[in-house]
1. Across the range A:91-114, what is the number of residues that are under 18 Å from B:ASN27 (Cα atoms) and within 14 Å of chain B (Cβ to nearest Cβ)?
2. Pull out all pairs, ordered by first then second residue, where Cβ-Cβ is under 8 Å, the residues are six or more apart or on different chains, the first lies in the range B:95-124 and is touching a residue at least 60 places away in the same chain (Cβ under 8 Å), and the second is basic (Lys, Arg).
3. Restricting attention to the range B:120-155, which residues are in contact with a strand residue (DSSP E or B) (Cβ under 8 Å, 6 or more places away or on another chain) and polar (S, T, N, Q)?
4. Filter the range A:187-214 down to the residues that are within 21 Å of B:GLU217 (Cα to Cα) and β-branched (Val, Ile, Thr), then identify the one that is farthest from the other protein chains (Cβ to nearest Cβ).
5. Go through (1) in contact with a helix residue (DSSP H, G or I) (Cβ under 9 Å, 6 or more places away or on another chain); (2) at pLDDT below 95; (3) not charged (D, E, K, R) for B:GLY119 and report which single condition fails.
6. Which of the numbered conditions does B:GLU155 fail, given that it passes all the others? Conditions: (1) closer than 30 Å to A:VAL95 by Cα; (2) at pLDDT 90 or above; (3) part of a loop (DSSP other than H, G, I, E, B).
7. Find the residue count for the range A:215-252, including only residues that are more than 10 Å from chain B (Cβ to nearest Cβ) and in contact with a Lys or Arg (Cβ under 7 Å, 6 or more places away or on another chain).
8. Any residue at all in the range B:194-210 that's surrounded by 16 or more Cβ atoms within 10 Å (Cβ to Cβ), modelled with pLDDT of 85 or more and not in a helix (DSSP H, G or I)?
There are 2 protein chains.
Amino acid sequence: MLDNIRIVLVAPRGSGNIGSVARAMKNMGLNDLAIVGHGRTQSFSARAMAAHAREILKDSRRFTTLREAVADCGLVVGTTCRGGLYRDHSRSPRVTAPEIVAAARSGKCALVFGPEDHGLDNEELKHCQALITIPTDPGYPSLNLAQAVTICLYEIFLSTLEKVPAEAIERAPAESVERLFDKMKHSLLEIGYLDSQNPDHILFAFRRIFGRAGLEEKDVRILTGLFRQIEWYANEGWKVIEEKKRKGLKIR
Amino acid sequence: MLDNIRIVLVAPRGSGNIGSVARAMKNMGLNDLAIVGHGRTQSFSARAMAAHAREILKDSRRFTTLREAVADCGLVVGTTCRGGLYRDHSRSPRVTAPEIVAAARSGKCALVFGPEDHGLDNEELKHCQALITIPTDPGYPSLNLAQAVTICLYEIFLSTLEKVPAEAIERAPAESVERLFDKMKHSLLEIGYLDSQNPDHILFAFRRIFGRAGLEEKDVRILTGLFRQIEWYANEGWKVIEEKKRKGLKIR
C-alpha cells in the first residue's frame, strides 16, 4: 500500500536534496519518486546522499507538468509552509497521514513538494485536494526539503502501523477531476458567473470543497452533467424561451 | 523550555549534516548544539545547509567527551537504529518526547546522536538514561543523521503544543445549507438539469458530496452565488441572446 504513494518533487534545485529524499523514502518503505521539470537524479551528490536508496533515483520518473505527474492519482496532497490565500485549509501531517494511507489502500496517491526556495505556487496548488503544513517554530517555518519529506513520510509510516479504516470512497483519478474543472470553468464563464479576468479565483473555492469531499467517478459524471447542461442552456436556452413566447406562456 | 534541550552530536563526519541539524533545530525552536570530538561547524557546506540557522553553528560548543557534554543535564536520551544488548529498552520518539519536554520544564536535557556510520557505541550508551529508536521500514532502518534529528525534534516540538492542531472546519448551520439546497433545486429545475418528477434523486448526490466536504459559511455563500447566477441566466439569459442577435453577433 506504501507502493501506492508517490513523492513528487516540483523543480528541485539541490540534487543532494533529491538523494536525501530518496533515502528517506526507502527508510519509510516508499519507492515511487517523480520529478517535475529539472532535477539531477544521477549527480554525485544525489547518489551520495541517497546512500542505499540509489535504485529509487534510478527508477524515478520525470514529467513536464505536475498535472501529468499526478494524472493517475486519486488523492493529491500538497505541502506548504506558508498560510495565505488558497492555503488556509492546510492541516498537520499527523491529521492528514491517516487519510493518505486510507486512500492508498484503494489507489494511487501523490504527496507534492515545491522548489526549495519558494515552495508550490498557486497554479500548482490547484492540483492538490488537500494541503499539509508541518508545525514549526514561527520564527523559522521553512524546513529543508528532504527534512520536510522525512517528517511527512514518518507520519505516513506510523499511520500504516495503526489499524485504520479504509477510506469510504474511491477517488476518481486526478485527470478526470481536472477535465471536470475545465468543463466547469468553460460553462461558468459562459453564464457570466466567473470573472473572465480571474476565473481561477472562485474556482479555487470549488477545488477546496471538492478536494475536501473527494470525488468518486460517479460524482465526476454527475457534476460534468450539470456543467454540460449549464453550457447547453447558455447556448440553446433562448430557444426554450422563444418556444414559450410562441406558445404565449409566461416569461419572467 | 525548548532552550533547555541540547542536541549533542558525537563525532559527526559530514559537516553538511551538522548544518542540516542546526536548521532543523531552529525550525523546531531549539538553539543549544554541542559537538563531541571533531566536526567542522564553520565549513562552507555546514553554513550552506544551516541556511538561516547559522547562529546556532556559531554558538555551538565543542567537548572532548560525551560525559562533559551532558554534565549539566538531568535527562540524557540516546538514539539508536539497532536493537541488541543495552538497547532493548529503546522506545519511539512519540512515546519519549513528552518525557523530554516534561523534564525540560525543570532542567537541562540532552538528546544524543552518534556518528553517521555506526551510531552510539555501548560506552556512550552508558551515559543515556533512555533510548529512542525511530520506527522505519525494516529493510533500511538507517536514517540520515539530520533526518533522524528532524524527526525527534518534530515530536518534541509537537509535545510542547497543548494538542496537535487538528484544524477542523467550522461548518455552517444546517439551516444555511438547507437554504442553499432549496436555491440549488430551484435553479437546476429551471435549466432542466433535474428531473421534475424526482428532483431529489440527483440532489442526494450533491448532498453526499457537500456533506462529506462540510461547508463553511463562505462556501455556502459562493455556492448560493453560483445557483443564483444560473437562475438569473435561465430567466434573463434570453435578453443577452437577443441583444447579441440585434448586434448581429454569432449565436451558437
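1. Here the count works out to 4.
2. Listed pairs, sorted by first residue: B:LYS108/B:ARG6; B:CYS109/B:ARG6; B:ALA110/B:ARG6; B:LEU111/B:ARG6; B:PRO115/B:ARG13; B:GLU116/B:ARG13; B:ASP117/B:ARG13.
3. Correct list: B:GLN129, B:THR133.
4. Ranking the candidates gives A:ILE202 first.
5. Condition not satisfied by B:GLY119: (1).
6. (3)
7. Matching residues across the range A:215-252 total 1.
8. So far as the range B:194-210 goes, yes, one or more of its residues are surrounded by 16 or more Cβ atoms within 10 Å (Cβ to Cβ), modelled with pLDDT of 85 or more and not in a helix (DSSP H, G or I).
The values are calculated or read from the model by the stated rules, or taken from the named source; none is laboratory data. Keep in mind it's a predicted model, so treat the numbers as computed, not measured. Methodologically, a virtual Cβ is constructed for each residue, glycine included, from the backbone with ideal geometry; neighbour enumeration extends over all protein chains shown.
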